[in-house]
Amino acid sequence: MRRDAYRQLITVLTPRVMQLRRLVIGEVGRLPQLARALFDDGPRRAMAAMAVLFERLADRGLLAIDDPAVAASRFNWLIMGEPLNRAMLLGDDSIPKPAELRRHAAAGVRVFLASYGK
């Protein structure tokens, strides 16, 4: 789970992806269909896949989850929230180094498992 959380961070926090996100957010009023496409093919798809995974883990008795979609959203924001906000608002130079991202991912997974683990 830590590896997947870290992979999610380094994928989203690449400078090109961050530049695309900033551009789309800046143009959402003019090009809402572009924002919808980015959301559907990015965050929505990732959280839907996580929800399926969490549901499978719950079915195997490894997680205590009532609503896999809510759990996926919470996991996503535990992992992505702070580094993503920092990068979106402060620029690519503020993106944490890999070691810091690994620690952040591990901490997010620990918090998630403290809430949903069995």
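Some notes on this structure:
- Protection proxy ranking, peptides 9-20, 59-70, average beta carbon neighbours within 10 Å, highest first: 9-20, 59-70
- In a simple Cβ point-charge model (Lys, Arg +1; Asp, Glu -1; nothing else charged), the chain has a dipole of about 300 debye relative to its Cα centre.
- Cα-based values for the chain, radius of gyration first and Dmax second, are 15.1, 46 Å.
Every read-out reported here was derived from the displayed coordinates using simple, explicitly stated rules and does not represent laboratory data. Predicted model only: the values in this text are computed from it and were never measured. Backbone-built Cβ (ideal geometry, glycine too); neighbour counts: all protein chains shown.
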